[in-house]
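Below is one structure, written out as structure tokens; the observations come after it.
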Amino acid sequence: MSVNDVIYIFVVLVLLLASIYVMLYFMKKFMFRFETSNKNSIPIKILAMQGILPKKYVSVIKIKDDYYVLGLSENSITLIDKMDAEKFDFLPEENNQTINVNFAELLKQKLKLK
């Protein structure tokens, strides 16, 4: 094996790695893009999230005019309840008000637990 063969193998290796890098760059840029600026997208807001166990949460989200209570874990998302806007009288209006509500107490109250 001569010096020319070693240089040739090194150049081919560098070109191969560069082509893989460029291909992955363009795949990431164009194929896995989320459309966040789409005007037809549904607005989703996370209103509250409370951890109940390690890697397990209860979350309240708003999609359009409906509110959803979700159970979130590492491997799944479970719909606990779907409620209309009139049932959520404790939430602030759309003018970005802030409220101080204990999520756990509020969940107990809405689920009628002690």
When region 55-74 is checked residue by residue, the ones that are in contact with an Asp or Glu (Cβ under 6 Å, 6 or more places away or on another chain) and not in a loop (DSSP other than H, G, I, E, B) are V69
Answer yes or no: is there a residue in region 75-85 that is part of a helix (DSSP H, G or I), more than 30 Å from L106 (Cα to Cα) and at pLDDT below 80. no
Considering only residues that are surrounded by 10 or more Cβ atoms within 10 Å (Cβ to Cβ), under 17 Å from K64 (Cα atoms) and of a type in the set (V, I, T), look in region 3-49 and name the one that is modelled with the lowest pLDDT. I44
All but one of (1) closer than 15 Å to K45 by Cβ; (2) in a loop (DSSP other than H, G, I, E, B); (3) at pLDDT 75 or above; (4) not basic (K, R) hold for E93; state the number of the condition that does not hold. (3)
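The values are calculated or read from the model by the stated rules, or taken from the named source; none is laboratory data. Just so it is clear, the model here is predicted, and its values are computed rather than measured. Note that each Cβ is placed from the backbone with ideal geometry, even for glycine, and that neighbours are counted across all protein chains shown.
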